[in-house]
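Here is the structure we will look at.
The values are calculated or read from the model by the stated rules, or taken from the named source; none is laboratory data. Since the model is a prediction, treat every value here as computed from it, not as a measurement. Virtual Cβ from ideal backbone geometry, glycine too; neighbours counted across all protein chains shown.
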Amino acid sequence: MTDNSDNKGHQALRALEARRAAASDAHRKAATAKRHDRGGRTARENLAALVDPGSFVEYGGLAVAAQRQRRELDDLIAHTQGDGVITGLATVNADLFGDAASRVAVVINDYSVLAGTQGFYHHKKIDRMLELADRERLPVIMYTEGGGGRPGDTDVTTQVTGLDVPTFARWARLAGRVPRIAVNHGYCFAGNALLFGCADLRIATRASSIGMAGPAMIEAGGLGAFKATEIGPAEMHAAQGTVDLVVEDERAATVQARTLMGMLQGAVAAGDAADTTPLRDALPADRRFTYKVRPIIERVVDTGSFMELGQDYARAMITGLCRIAGRTVGVIANDNQSLAGAIDAAAADKAARFLHFCDANSLPVVSFIDTPGFMVGPDSEAEAATRHMSELFLAGVSLTVPLVAIVLRKAYGLGAMAMAGGGFSEPLCAAAWPTGEFGAMGLEGAVRLGFRKELDAVEDAAERDALFERLVAEMYERGSALEVASVLEIDRVIDPAETRALIEAALC
């Protein structure tokens, strides 16, 4: 046979192999060691843990920073391979959902390359993924670590300000079209932070610092000198609702990203379900006492499937994803242990955003209701309560997916109506436990307001208190679940043990 080892084709193949090798962790030993010394994983390690083995097809892997006018090509290949971002198509969870339903677009910023900053080709690579995601209706998983825009790309001569970059608009435009999951570890500033904040589901490690400007920009603006770790810590963002899940490290973040992606890829075989009989004793005998609602949710859904989102934000409202008989379902619930379950501006904002997400991703919703209504008062209005609470109504009535409402105890006023999608005629099924109680406002407040003259006419304090309690009891009986169901204001009153079965039947 002819020896072709030195022909141009083989030479080009060896050059390709060398360029590919330059991007590997094994070739970039110093950068890899530095990342490990700081307790992190490399971008390619995160990639390997995220996608199914052998499924990743890389796009733009041979790109280098647009700096050939100021640096030698060999230097750019050695130190700017990929221009700071890994992009491509892959599958995630194909063993559960098959290849077609598991395809995703992947964007993983590489902080070891120019601090993950967004350069000319960096943007073009992301733009290519977002265009494909839109065209092919592919979910996107994006790791956002990076320092924001990069001013040193001297090869770019057709731009002055770079404000015509389409990346951010394309990413935002995907909202409601495909699921978008953002994962962050470490520093995430400026444009990177915007990408993170625009995602549908946002995961951050405890080591994250996320801000619309990094230390250099803040100091240049005359606002003082700060360490990067002082800007936007994950716990702060979680309390404000910017982060949905806070995890320990990149390993945990990647596990959660795969799990969340699976929740959006389809149904699985029905999981184990707990015995629902104990739900009959889940509420305290005294209606004024609080109880834990999360164990109720966990007992109704497939065992171990409930993933709460935004737990540290607007604690009076619980939102999360779960499976019921293998099907993914969105959950909203009032937490009576915070603000007695009253819906304040933040809680309304949290629930509205989540309902929009569920609707965009064709996820039915189950609403567990126990609320005295919307939070009222001057302090509440100072938080833009009217605007946020109205947004919750708009989100509820615009749902195109089924909503099942389960009233556990209190269902008062506009707040309860908002939890039911705008009113108790809106849900696919509106049911209540026998402990359900309904009214235009809380019983105690209704008695004080409606019977003020009668109460004021009683001079003896003990007699007045007795009259008050009697009037409350009478109003409770008139607004009990059984009475409300008897005049068809709700569809059913159920044994608490029937809760899961009712939801399954309604959503099948």
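Taking the range 378-392 as the search range and keeping residues that are assigned to a helix (DSSP H, G or I) and touching a helix residue (DSSP H, G or I) at 6+ places or on another chain (Cβ under 7 Å), which one is surrounded by the most Cβ atoms within 10 Å (Cβ to Cβ)? Write out each step before concluding.
As a first pass, look at the range 378-392 and keep what is assigned to a helix (DSSP H, G or I): 378-382, 385-392.
This time we only want the ones that are touching a helix residue (DSSP H, G or I) at 6+ places or on another chain (Cβ under 7 Å), so: 380, 385, 388-389, 391-392.
Details: 380: 18, 385: 21, 388: 22, 389: 25, 391: 20, 392: 29.
Here the answer is 392.
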*Hits in the range 325-343 (condition: at positive phi and surrounded by 23 or more Cβ atoms within 10 Å (Cβ to Cβ))*: 341
_Conditions (1) in the same structural domain as residue 347 (by TED's automatic domain parsing); (2) within 14 Å of the chain's Cα centre (by Cα); number of the one not met by residue 242_ = (1)
_Scope the range 12-60; condition in contact with a His (Cβ under 8 Å, 6 or more places away or on another chain) and part of a helix (DSSP H, G or I); matching residues_ = 21
_Candidate set from the range 393-444 (those that are under 18 Å from residue 340 (Cβ atoms), touching a strand residue (DSSP E or B) at 6+ places or on another chain (Cβ under 8 Å) and part of a helix (DSSP H, G or I)); member that is modelled with the lowest pLDDT_ = 443
*Sort out which residues of the range 448-482 are under 29 Å from residue 496 (Cα atoms), modelled with pLDDT under 85 and surrounded by 15 or more Cβ atoms within 10 Å (Cβ to Cβ), and write them in order of number.*
471, 472, 475, 476
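From the list 299, 258, pick out the single residue that is of a type in the set (D, E, K, R), over 17 Å from the mean Cα position of the chain (by Cα) and outside any loop (DSSP other than H, G, I, E, B). Talk me through it step by step, then tell me what you get.
Details: 258 fails: over 17 Å from the mean Cα position of the chain (by Cα).
On inspection, the qualifying residue turns out to be 299.
Just a yes or no: is a residue in the range 487-495 assigned to a helix (DSSP H, G or I), surrounded by 19 or more Cβ atoms within 10 Å (Cβ to Cβ) and touching a helix residue (DSSP H, G or I) at 6+ places or on another chain (Cβ under 7 Å)?
Taking the range 487-495 first, the residues assigned to a helix (DSSP H, G or I) are none.
The answer is no, given that none of the residues of the range 487-495 is assigned to a helix (DSSP H, G or I), surrounded by 19 or more Cβ atoms within 10 Å (Cβ to Cβ) and touching a helix residue (DSSP H, G or I) at 6+ places or on another chain (Cβ under 7 Å).
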_Residues located in the range 97-120, provided they are in contact with a Gly (Cβ under 7 Å, 6 or more places away or on another chain), in a helix (DSSP H, G or I) and aromatic (Phe, Trp, Tyr)_ = 97
*Single residue of 35, 19, 41 found to be under 19 Å from residue 182 (Cα atoms), of a type in the set (Lys, Arg) and touching a residue at least 40 places away in the same chain (Cβ under 8 Å)*: 41
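Would you be able to tell me the number of residues in the range 340-377 that are assigned to a helix (DSSP H, G or I) and under 24 Å from residue 444 (Cα atoms)? If you could, list the steps in order and put the result at the bottom.
First, pick out the residues of the range 340-377 that are assigned to a helix (DSSP H, G or I): 340-341, 345-360.
Narrowing the set further to residues that are under 24 Å from residue 444 (Cα atoms) leaves 340-341, 345, 347-348.
Adding up the residues that qualify gives 5.
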*the range 210-233: number of residues that are free of Cβ contacts under 8 Å to residues at least 40 places away in the same chain and either more than 25 Å from the chain's Cα centre (by Cα) or farther than 19 Å from residue 115 by Cα (or both)*: 12
*Give the range 363-377 a look and list any residue that's under 16 Å from residue 506 (Cβ atoms) and surrounded by fewer than 16 Cβ atoms within 10 Å (Cβ to Cβ), or say none.*
none
_Some residue of the range 91-101 being within 23 Å of residue 259 (Cβ to Cβ), in contact (Cβ under 8 Å) with a residue 60 or more places away in the chain and small (Gly, Ala, Ser)_ = yes
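Being in the same structural domain as residue 129 (by TED's automatic domain parsing), crowded, with 24+ Cβ neighbours inside 10 Å and either touching a residue at least 60 places away in the same chain (Cβ under 8 Å) or more than 18 Å from the chain's Cα centre (by Cα) (or both) is the requirement here; does residue 253 meet it? Don't jump to the end; show me each part of the working.
On the way: in the same structural domain as residue 129 (by TED's automatic domain parsing): yes; crowded, with 24+ Cβ neighbours inside 10 Å: yes; either touching a residue at least 60 places away in the same chain (Cβ under 8 Å) or more than 18 Å from the chain's Cα centre (by Cα) (or both): yes.
Answer is yes for this residue.
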*Would you check if residue 64 is in contact with a His (Cβ under 6 Å, 6 or more places away or on another chain) and under 15 Å from residue 115 (Cα atoms)?*
no
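Quick check: is even one residue across the range 64-86 under 30 Å from residue 270 (Cβ atoms) and within 24 Å of the chain's Cα centre (by Cα)? So that I can check it myself, show each step before the final result.
First, pick out the residues of the range 64-86 that are under 30 Å from residue 270 (Cβ atoms): none.
No: zero hits.
Condition check ((1) of a type outside the set (Gly, Ala, Ser); (2) farther than 22 Å from residue 496 by Cα; (3) surrounded by 16 or more Cβ atoms within 10 Å (Cβ to Cβ); (4) modelled with pLDDT under 95) across all residues:
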| residue | (1), (2), (3), (4) |
| --- | --- |
| 262 | no, yes, yes, no |
| 270 | no, no, no, yes |
| 277 | yes, no, no, no |
| 300 | yes, no, yes, no |
| 305 | no, no, yes, no |
*In the range 323-339, what residues are part of a strand (DSSP E or B), under 15 Å from residue 293 (Cβ atoms) and in contact with an Asp or Glu (Cβ under 7 Å, 6 or more places away or on another chain)?*
334
*Regarding residue 458, is this residue over 30 Å from residue 352 (Cβ atoms) and either part of a strand (DSSP E or B) or touching a Phe, Trp or Tyr at 6+ places or on another chain (Cβ under 8 Å) (or both)?*
no
*asked:* What's the total number of residues in the range 46-58 that are under 16 Å from residue 107 (Cβ atoms) and crowded, with 16+ Cβ neighbours inside 10 Å?
replied: 7
*Assess whether residue 432 counts as being closer than 24 Å to residue 506 by Cβ, among the small types (Gly, Ala, Ser) and touching a Ser or Thr at 6+ places or on another chain (Cβ under 8 Å).*
no
*Single condition residue 322 does not satisfy, out of (1) crowded, with 22+ Cβ neighbours inside 10 Å; (2) farther than 30 Å from residue 99 by Cα*: (2)
